[in-house]
Amino acid sequence: MPRNQNTAAQRARAAQRKTGGKYTALLREATTDGPPKAFPFRSLLAECSTLPEVHVDWGYNDPEDDGSFPGPVMFESALLGGPVPCGTVLALAGALSGLELRGDVHVESNDPLAEAIVSCAGRRFRLVLNQDLLYELCQGSGCPRRPIDDFRIPYCTGHLPECPPEKLIDMAEKWGDDVRDAFEDRPGEAQAGPQGDYLVRAAVGQGASTKVAAALIRYCFTDAELIDDVHRCDEEAMAVRHGIDREGLRLTTVANKEGYRIRSSVDDSCVVCGNALTRGLNVWPVPPQFCSEGCAPPRPPAWESHPDPWVTKTNPIV
């Protein structure tokens, strides 16, 4: 810890010696100034690996406690302003291993000895500060919920519909890749699963369900015109064709149910002009609450896929 650095933990311990109060309560009071809001990821890992273990006064005495469960190994972090479990930091290091110690940690919120919400490399995490635990969070701003999938669909069910069509398609392709790998030994049985259903439902509200479903099918299986080249066995090729037809019908049903649900919520009338909304022909080219592109709001600017942070080398260590 840097010399003369007046951290919240130091202030809390000084107050405890002076008043005899509970350390956990005093630590929360001492964080009004707060630790830094951003710092290099490697600095947190350096603290974890070099600072000595500290004992935490949890504010209670259990006469039956024989010390068999001493709690997590903690160190006192100047960056997070209090005791932090080593296991939580090591779990974060594992989740961000592709960064190779590059990148900054941004602190969204910090409740000492409870939890801290941080983000790094476009991913958000809940650091549990009283156990060796780490949870990945939805990438929606300030969202406390878990994502549908930590890596491929990093949004919760509430924030996924807010993503533009291009981003939904990108997530569908990545999820489909994982599905195809999982069903490598039986490719005809591949299915997008509940995760794919969430993507299709979100895309219905953007008028892009057909494109998202097509991306899921193409990446879960393969391009229809390449089936015979990829699957040389006639029986396997036939199974893949059946799988594509089956999954296409299933995803169409998912899209239709969501489209009709949205239309029912607006009494089957266009929310702009009031015209009656007729049932579609298994496609939803515009959001279901609008009767035509003329009534639908303009499309947001096209979303551009950013470089993969796990392969892009930035901010070299100096």
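As an equivalent ellipsoid, the range 92-248 spans semi-axes of 36, 18, 12 angstrom, where each value is the square root of five times an eigenvalue of the C-alpha gyration tensor, largest first. A protection proxy built from the mean count of other Cβ atoms within 10 Å ranks the segments 224-235, 264-275, most packed first, as 264-275, 224-235.
Label zone of residue 143 (point 7 Å out along Cα→Cβ, amide N under 18 Å): in the range 93-129 this covers 108-109, 117-127. Ranked for footprinting exposure by Cβ neighbours inside 10 Å, fewest first, 242, 159 give 242, 159. The distance between label points at residue 292 and residue 131 comes to 5.7 nm (points 7 Å beyond Cα on the Cα→Cβ vector). Over the Cα atoms of the range 157-211, the radius of gyration divided by the Kirkwood radius equals 1.02; this is the Rg/Rh ratio. The label-point distance for residue 276 and residue 100, in a model that sets each label 7 Å from Cα toward Cβ, rounds to 6.4 nm. Rounded to the nearest Hz, the phi-derived 3J(HN,Hα) couplings of the range 39-45 under the Karplus curve 6.51 cos²θ - 1.76 cosθ + 1.60 (θ = phi - 60°) are 7, x, 4, 5, 5, 5, 5, where x marks glycine and proline. Once the cut-off is 18 Å, how many percent of the Cα-Cα pairs in the range 219-266 end up in the long-distance tail? Tail of the P(r) past 18 Å holds 45 percent of the pairs. Need one number: the % of Cα-Cα pairs in the range 160-265 sitting beyond the 16 Å mark. The share of Cα pairs beyond 16 Å in the range 160-265 comes to 54 percent.
Laboratory data are not the source of any read-out in this text; all were calculated from the coordinates shown. Note that this is a predicted model, so its numbers are computed, not measured. All Cβ positions, glycine included, derive from the backbone under ideal geometry; neighbour counts span all protein chains shown.
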